[in-house]
Amino acid sequence: MGIDIQVKIAGLKLKNPILTASGCFGYGEEAADFFDLGKLGGIVTKSITPLPRTGHPPPKVAETSSGMLNAIGLTNVGLDKFITDKLPQLRAIDTAVIVNIAGTTIDDYKRLAEKISAAAGVDAIEINISCPNVDRGGLEFGASPESAAKVTEVCKRVSRIPVIPKLSPNVSDIVAIAKAVEDAGADAVSLINTLVGTSIDIDTRKFKLSNRFGGLSGPAIKPVALAMVYKVASSVKIPVVGLGGISSGSDAVEFLLAGASAVQIGTACFAEPNIFERVIDELTAYLQNNNYKNVTEIIGAVGKN
Ligand SMILES: Cc1cc2nc3c(=O)[nH]c(=O)nc-3n(C[C@H](O)[C@H](O)[C@H](O)COP(=O)(O)O)c2cc1C
């Protein structure tokens, strides 16, 4: 009893550190039948692009050992429809609303950040930088410190709300990218997005995904995500939001101990839409059983005992 589980990220006060992950919770409508969304620390929306996208043709997902591969292709309603049709219901929920944006040019990100930041009821912008930069031959924005910093700087310049670049794990040095976006003015970073993977059907001898490659997520990626969160949190001063394979309170605790100030849950909520309630309860029980009064006491506490 009396345990404080509030956290602060980039000036945002969250009622608890458990958030939804982009692309795994839509705009919140479906899950509203399963639990009170006001219990969430925050909702991170599906990536919003300047124009509506239908995404890749099926098959878009494939099961893997302890995880899944997806090649959804950023299916979403587009910027204008998001603001008119989706945002009103999101802002009515008593939780932080973080809008994830994705583009294929620097100008796309600028326009998205400008419009989203001007729309009432958005608390922060998460930038999906795992997208191909058409001006640089399709290389992901998140693949180099320079282009990751450029996107961040442009979004910061036009945005009145906190900007949180979401880092890609498909790089040789994620710490260098984190430092570059911190220098470019990021208010926090989130990590990790999915790891590139594929899967082949041996009977048809074809790739299981229409796009051939997809993003690997779920419990299979947790150790990779945790190591990256620890390395980044030890190297930057801005807050870190951790995600990748979290499906229990003890997983969340591991990420907090590694230095994350909050966590997101993605793949695990497909099988258990109200998992967030359970993870909040399990996190609170952990704090109580270990005589902590405040969740912030465990952030980055690994190795300090
Ligand atoms: C079906 C699916 C769709 C996703 N869509 C997005 C997206 O639109 N934007 C984004 O930044 N990340 C997207 N992600 C990545 C997740 O937000 C998250 O970074 C990743 O899945 C790792 O977390 P998890 O293991 O808890 O799912 C998606 C993941 C899945 C499984």
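I'd like to know if the stretch 226-236 contains one or more residues that are surrounded by 17 or more Cβ atoms within 10 Å (Cβ to Cβ) and in a loop (DSSP other than H, G, I, E, B).
Yes, the stretch 226-236 contains a residue that is surrounded by 17 or more Cβ atoms within 10 Å (Cβ to Cβ) and in a loop (DSSP other than H, G, I, E, B).
Contact list please: Cβ distance under 9 Å, first residue in the stretch 64-75 and closer than 13 Å to Ser130 by Cα and more than 8 Å from the ligand (Cβ to nearest atom), second residue open to solvent by less than 20 Å² (accessible area, probe 1.4 Å) and assigned to a strand (DSSP E or B), pairs at least six apart or on different chains.
Cβ pairs passing all conditions: Ala71/Ala62; Ala71/Gly214; Ala71/Gly215.
May I ask you to verify whether Gly249 is closer than 30 Å to Val163 by Cβ, touching a helix residue (DSSP H, G or I) at 6+ places or on another chain (Cβ under 7 Å), free of Cβ contacts under 8 Å to residues at least 40 places away in the same chain and open to solvent by less than 10 Å² (accessible area, probe 1.4 Å)? Walk me through it before giving the result.
Values: closer than 30 Å to Val163 by Cβ: yes; touching a helix residue (DSSP H, G or I) at 6+ places or on another chain (Cβ under 7 Å): yes; free of Cβ contacts under 8 Å to residues at least 40 places away in the same chain: yes; open to solvent by less than 10 Å² (accessible area, probe 1.4 Å): yes.
For Gly249, the condition - closer than 30 Å to Val163 by Cβ, touching a helix residue (DSSP H, G or I) at 6+ places or on another chain (Cβ under 7 Å), free of Cβ contacts under 8 Å to residues at least 40 places away in the same chain and open to solvent by less than 10 Å² (accessible area, probe 1.4 Å) - is met.
Give me the pairs, please: first residue somewhere in the stretch 176-199 and farther than 19 Å from Val44 by Cβ and open to solvent by 40 Å² or more (accessible area, probe 1.4 Å), second residue anywhere and away from the ligand (no atom under 15 Å from the Cβ) and not charged (D, E, K, R), beta-carbon distance under 7 Å, and either six or more positions apart or on two chains.
These pairs meet every condition: Lys179/Ser235; Lys179/Val236; Glu182/Val236; Glu182/Ile238; Asp183/Ala149; Thr198/Phe207.
Quick one: which of Lys304, Lys293 is at pLDDT below 95, open to solvent by 70 Å² or more (accessible area, probe 1.4 Å) and either out of contact with any Gly (no Cβ under 6 Å at 6 or more places or on another chain) or small (Gly, Ala, Ser) (or both)? Even if it seems obvious, please write down each step before you answer.
On the way: Lys293 fails: at pLDDT below 95.
Exactly one of Lys304, Lys293 is at pLDDT below 95, open to solvent by 70 Å² or more (accessible area, probe 1.4 Å) and either out of contact with any Gly (no Cβ under 6 Å at 6 or more places or on another chain) or small (Gly, Ala, Ser) (or both), namely Lys304.
Here are some conditions: (1) out of contact with any helix residue (DSSP H, G or I) (no Cβ under 8 Å at 6 or more places or on another chain); (2) buried (at least 20 other Cβ atoms within 10 Å of the Cβ). Asn16 meets all but one. Which one does it not meet?
Answer for Asn16: the failing condition is (1).
Which of the residues spanning the stretch 217-254 are within 14 Å of the ligand (Cβ to nearest atom) and in contact with a Pro (Cβ under 9 Å, 6 or more places away or on another chain)?
Selection gives Ile221, Val224, Ala225, Met228, Val241, Gly244, Gly245, Ile246, Ser247, Asp251, Ala252.
Looking only at strands (runs of 3 or more DSSP E) that fall completely inside the stretch 41-97, which ones have 1 or more residues that are open to solvent by 30 Å² or more (accessible area, probe 1.4 Å) and more than 19 Å from Ile275 (Cβ to Cβ)? Give the derivation first.
Values: elements: 42-44, 61-64, 67-70.
Counting at least 1 such residues, we get 61-64.
When only residues in the stretch 255-280 that are assigned to a helix (DSSP H, G or I) and within 9 Å of the ligand (Cβ to nearest atom) count, which is least open to solvent (accessible area, probe 1.4 Å)?
Quick first cut of the stretch 255-280, residues assigned to a helix (DSSP H, G or I) only: 255-257, 268-271, 275-280.
Right, trim to within 9 Å of the ligand (Cβ to nearest atom) and you get 268-270.
Details: Ala268: 25, Cys269: 9, Phe270: 112 Å².
Ranking the candidates gives Cys269 first.
Tell me, which residue of the stretch 135-152 that is touching a helix residue (DSSP H, G or I) at 6+ places or on another chain (Cβ under 9 Å), open to solvent by 30 Å² or more (accessible area, probe 1.4 Å) and free of Cβ contacts under 8 Å to residues at least 40 places away in the same chain is nearest to the ligand (Cβ to nearest atom)? Lay out the reasoning, then the answer.
From the stretch 135-152, those touching a helix residue (DSSP H, G or I) at 6+ places or on another chain (Cβ under 9 Å) are 135-136, 139-152; that's our starting set.
Keeping just the survivors that are open to solvent by 30 Å² or more (accessible area, probe 1.4 Å) gives 135-136, 139-140, 143, 145-146, 150.
Adding the requirement that they be free of Cβ contacts under 8 Å to residues at least 40 places away in the same chain leaves 135-136, 139-140, 143, 145-146.
On the way: Asp135: 20, Arg136: 19, Leu139: 17, Glu140: 12, Ala143: 15, Pro145: 19, Glu146: 21 Å.
In this case the residue turns out to be Glu140.
The values are calculated or read from the model by the stated rules, or taken from the named source; none is laboratory data. All values reported here derive from a predicted model rather than from experimental measurement. Virtual Cβ from ideal backbone geometry, glycine too; neighbours counted across all protein chains shown. We work out accessible area using only protein heavy atoms, side chains counted, and drop any ligands, DNA or RNA first. Shrake-Rupley method; radii C 1.70, N 1.55, O 1.52, S 1.80 Å.
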